[in-house]
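**Q** Here it is, the structure, as structure tokens.
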Amino acid sequence: GNSVTQMEGPVTLSEEAFLTINCTYTATGYPSLFWYVQYPGEGLQLLLKATKADDKGSNKGFEATYRKETTSFHLEKGSVQVSDSAVYFCALSSNAGGTSYGKLTFGQGTILTVHP
Amino acid sequence: GAGVSQSPSNKVTEKGKDVELRCDPISGHTALYWYRQSLGQGLEFLIYFQGNSAPDKSGLPSDRFSAERTGGSVSTLTIQRTQQEDSAVYLCASSLALTGTSGGAGELFFGEGSRLTVL
């Protein structure tokens, strides 16, 4: 079956530090990959996505590249801000059989805290 | 508002009681999903609706769990004879209809969740 393994947290950084959150996956077919973010007191939001190998998703200074050879989708940001403090979830949507929908398999989540 | 709305935001109940959780999706979104977020299990898929039908209910953990959707809009998740292990945050999400392998796959819009505590 499908699974997502995510770097365990919590992660604590100072403002302007470099961020990496590791994510690896196991899936059948050709999955689409996502990072969702949950800010305090808010619902999950899509941060970025990639739908095929070597695609790079990017948003709000965050980037992740779909690496089929290493089955990874690591999240990176060059300079974090206090406002980036949140829980980050890596997820996949398998489209085996040619049809995909929102049945996502999530990683466990990584809590990021950024201090001034 | 324009987002996914869930109610109640918090529910405390006694073991053995039935509970209903409601989800009002974004207008025009034909796909609706229920997920559960708990400390031990992370985020788990429960059920998917396309319109009023549920082509995938594989994540419902037992027959005490059921869900329905009426008018292609509001959905209700019902848990009968609640147990302590049902304590979790129940998340609803909606999206536009998805078919094929388009890049729209997985772009779900989530509500803030209903936190259920079973005493």
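Computed from the coordinates by the stated procedures, all read-outs in this text should not be read as laboratory data. Please read these numbers as outputs of a predicted model, since none were measured by experiment. A quick note on method: Cβ atoms are made from the backbone with ideal geometry, for glycine too, and the neighbour counts reach across all protein chains shown.
**Q** In a Gaussian network model over chain A where Cα atoms closer than 10 Å are linked, find which of A:G29, A:G57, A:G102 has the largest mean-square fluctuation.
**A** Highest fluctuation of the listed residues: A:G102.
**Q** Count, for each residue of A:31-39, the Cβ atoms from other chains sitting within 10 Å of its Cβ, then give me the mean as a whole number.
**A** Rounded to a whole number, the mean comes out at 3.
**Q** Over the Cα atoms, compute the radius of gyration (one decimal) and Dmax (the largest Cα-Cα distance, rounded to a whole number) for the protein assembly as shown, in Å.
**A** Both quantities, over Cα of the protein assembly as shown: 17.7, 50 Å.
**Q** For the range A:12-53, rounded, prolate or oblate, judged on the Cα gyration tensor with a ≥ b ≥ c (square roots of eigenvalues), a/c < 1.5 rounded, else prolate if a/b > b/c?
**A** The shape class here is oblate.
**Q** With an 8 Å Cα cut-off and a minimum separation of 6 or more residues, compute the relative contact order for chain A in percent.
**A** This gives 37 percent for chain A.
**Q** Further, regarding this structure: Rounded if a/c is under 1.5, else prolate if a/b beats b/c, else oblate: with a ≥ b ≥ c from the C-alpha gyration tensor eigenvalues square-rooted, which is the range B:26-66?
**A** oblate
**Q** OK, next. Pull up the cross-link candidates among the aspartates and glutamates for B:K57, meaning alpha carbon to alpha carbon under 15 Å and not fewer than 8 places away within one chain.
**A** B:E44, B:E68
**Q** While we're here: Hey, how many Å between the Cα centroid of the range B:33-89 and the Cα centroid of the range A:10-68?
**A** 26 Å
**Q** Please give the length that would be gained between B:T78 and B:S38 if that part of the chain were fully extended, namely 0.36 nm times their separation in residues minus their C-alpha to C-alpha distance (nm, one decimal).
**A** Additional length available on full extension: 12.7 nm.
**Q** To make sure I understand the rule: partners must be lysines, Cα under 23 Å from the Cα of B:K11, and not fewer than 8 residues away in the same chain. Which ones qualify?
**A** none
**Q** Let me ask another. Averaged over peptide B:40-49, how many Cβ atoms belonging to another chain are found within 10 Å of each residue's Cβ?
**A** Averaged over the peptide's residues, the number is 3.
**Q** Please compute the Kirkwood hydrodynamic radius over the range B:13-119, one decimal place, Å, based on all pairs of different Cα atoms.
**A** This gives a value of 14.1 Å.
**Q** For chain A, set up a Gaussian network in which alpha carbons nearer than 10 Å are linked by springs, and say which option among A:K68, A:K103, A:K77 fluctuates the most.
**A** Maximum fluctuation in the GNM of chain A, among the listed residues, is at A:K103.
**Q** Could you count how many Lys pairs in the range A:1-90 have their Cα atoms under 19 Å apart, skipping same-chain pairs fewer than 8 positions apart?
**A** Within the range A:1-90, the lysine pair count is 7.
**Q** Hey, could you grab the Kirkwood Rh for chain A? Inverse mean 1/r over distinct alpha carbon pairs, Å, one decimal.
**A** 14.2 Å
**Q** Additional query: If you count, for every residue in A:61-70, the Cβ atoms of partner chains within 10 Å of its Cβ, what is the mean?
**A** Neighbouring Cβ atoms belonging to other protein chains average 0 per residue here.
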